[in-house]
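Student: I have a structure I would like to understand better, so I am pasting it below and will then ask my questions one at a time.
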Amino acid sequence: MSEPRTIHGVRILEYPAEGPILGNDRAIMDLIADGRSHNADMVVVPTARFSAEFFQLRTRLAGDLLQKFVNYQLRLTILGDLSKEASESQSLQAFIRESNRGAHLWFLNTIQELEQKLAAAQEK
């Protein structure tokens, strides 16, 4: 993980693509604890850090993760191309679309998209 930085008034803790897979409650709680200990408003995690099961909504991993982030008042951005996974699941497409309309969980392709989204949110 890198040092936190602020983008458009939001303190962000960004994780690298290399590292352990976040596939269980313990790993997710460690992620939240890191974010909180760095006073982050948002944690940014590459898609490579999640197991394939995470993106299969029937496993409930994604929903459980989001609920934990909401409970701890920490925002999450999952960064990377999920077009292949989304093309194979209408449920995942809908989940990504609805998440991106909200404020707690975003699925974006690049850090530049995150910067644009934060800029737009700041203007409101």
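The values are calculated or read from the model by the stated rules, or taken from the named source; none is laboratory data. Keep in mind it's a predicted model, so treat the numbers as computed, not measured. Heads up, the Cβs are rebuilt from the backbone with ideal geometry, glycines too, and the neighbour counts pull from every protein chain shown.
Student: What number of residues in the stretch 59-104 are touching a residue at least 12 places away in the same chain (Cβ under 8 Å) and charged (D, E, K, R)?
Tutor: 5
Student: Are any residues in the stretch 68-81 part of a helix (DSSP H, G or I) and of a type in the set (S, T, N, Q), and if so, which ones?
Tutor: Residues of the stretch 68-81 part of a helix (DSSP H, G or I): 68-71.
If the condition is that a residue be part of a helix (DSSP H, G or I) and of a type in the set (S, T, N, Q), then N71 is the only one that fits.
Student: Let me ask another. In the stretch 61-79, is there at least one residue being modelled with pLDDT of 90 or more, among the β-branched types (V, I, T), surrounded by 12 or more Cβ atoms within 10 Å (Cβ to Cβ) and closer than 17 Å to T110 by Cβ?
Tutor: Within the stretch 61-79, one or more residues are modelled with pLDDT of 90 or more, among the β-branched types (V, I, T), surrounded by 12 or more Cβ atoms within 10 Å (Cβ to Cβ) and closer than 17 Å to T110 by Cβ.
Student: Pick from the stretch 32-67 the residues that are in a helix (DSSP H, G or I) and of a type in the set (V, I, T): which of them is nearest to K84 (Cα to Cα)?
Tutor: Top of the filtered list is T47.
Student: Would you point out the residue of the stretch 1-31, among those that are among the acidic types (D, E) and either surrounded by fewer than 11 Cβ atoms within 10 Å (Cβ to Cβ) or not in a strand (DSSP E or B) (or both), that is modelled with the lowest pLDDT?
Tutor: That would be D25.
Student: Right, something else. If you scan the stretch 82-124, which residues turn out to be at pLDDT below 95, in a loop (DSSP other than H, G, I, E, B) and surrounded by fewer than 16 Cβ atoms within 10 Å (Cβ to Cβ)?
Tutor: Within the stretch 82-124, E88, G102, A103, H104, K124 meet the criteria.
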